[in-house]
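The values are calculated or read from the model by the stated rules, or taken from the named source; none is laboratory data. Values in this document were obtained by computation on a predicted structure and should not be read as measured data. Because the Cβ atoms are built from the backbone with ideal geometry, glycine has one as well, and the counts that use them run over all protein chains shown.
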Amino acid sequence: MHFSNYISMKHAKACVKRGVRKISLTPTALKQTPESTLSFLRERGIEVEVVASRGRPRKLREEKVKKILAMRKAGVSFYRIASVLGIPKSTVFDYFQRYSHVDVPESEVERLQISEARRVLENIARGNFDAEIKEIAERGLAAESREDLEYYLRELLLCLNGE
């Protein structure tokens with residue numbers, strides 16, 4: 001949770017009640033927050049971190065930004081990236097514009113593709129599907145290479161489409 005204004009005791013108690021583990025605040029907010037409130041938070045195991053950068057902290061973690069860049073590099077539309085990652089299209093576009101100068105190595109793109117394929121196969125293997133579909137997903141999880149993963153994903157699509 002981030003505070004750009006001082007933390008009152010009321011806010012501190014609300015953070016404890018909500019189970020917050022870490023609070024970030026600006027240097028000015030730190031100066032304005034009473035020491036008793038800071039002690040209250042620290043005694044209850046809440047880490048207080050001072051953030052020197054201005055404005056609200058970034059919404060997306062580095063891993064998700066890499067996924068956006070990798071998916072875009074693979075030719076996926078902003079709309080599709082947004083729907084796959086479950087974030088607004090404007091956020092996807094904003095992060096792509098901000099970090100478009102960052103080069104995502106091909107090995108990183110492949111690593112992300114493999115991890116996403118495995119995630120899909122795990123969900124299918126654990127899901128409510130018939131035995132044939134689950135078996136294909138489990139064989140896909142045992143696959144060693146990207147090509148094998150692609151093969152099993154294609155098999156799943158054919159099976160799901162009734163072909």
### Message
Just checking, does the stretch 90-104 include any residue being among the small types (Gly, Ala, Ser) and within 18 Å of the chain's Cα centre (by Cα)?
### Response
yes
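Name every residue in the stretch 97-112 that is under 14 Å from Glu63 (Cβ atoms) and of a type outside the set (Lys, Arg), in order of residue number.
Matches in the stretch 97-112: Tyr99, Val102, Val104, Glu108, Val109, Leu112.
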### Message
Criterion first (exposed (fewer than 11 other Cβ atoms within 10 Å of the Cβ), among the polar types (S, T, N, Q) and outside the structural domain of Lys31 (by TED's automatic domain parsing)) does Ser90 satisfy it?
### Response
yes
### Task
Report yes if Glu49 is within 30 Å of His2 (Cα to Cα) and either in contact with a Pro (Cβ under 8 Å, 6 or more places away or on another chain) or not in a helix (DSSP H, G or I) (or both), otherwise no.
yes
### Query
With respect to Glu62, is the statement that it is under 20 Å from Arg111 (Cα atoms) and not polar (S, T, N, Q) true?
yes
### Summary
Within the stretch 54-65, the count of residues that are in contact with a Phe, Trp or Tyr (Cβ under 9 Å, 6 or more places away or on another chain), assigned to a helix (DSSP H, G or I) and not β-branched (Val, Ile, Thr) comes to 1
## Note on the structure
How many residues of the stretch 1-27 are touching a residue at least 24 places away in the same chain (Cβ under 8 Å) and either part of a loop (DSSP other than H, G, I, E, B) or farther than 11 Å from Leu41 by Cα (or both)? The answer is 13
### Residues satisfying the stated conditions in the stretch 28-43, i.e. surrounded by 16 or more Cβ atoms within 10 Å (Cβ to Cβ), assigned to a helix (DSSP H, G or I) and not hydrophobic (A, V, I, L, M, F, W, C)
Thr37
#### Entry: Qualifying positions in the stretch 79-126 - within 27 Å of Glu138 (Cβ to Cβ), out of contact with any helix residue (DSSP H, G or I) (no Cβ under 7 Å at 6 or more places or on another chain) and among the charged types (D, E, K, R)
Arg111, Glu116, Arg119, Arg126
### Task
Would you mention how many residues in the stretch 122-142 are crowded, with 17+ Cβ neighbours inside 10 Å, under 25 Å from the mean Cα position of the chain (by Cα) and of a type in the set (A, V, I, L, M, F, W, C)?
3
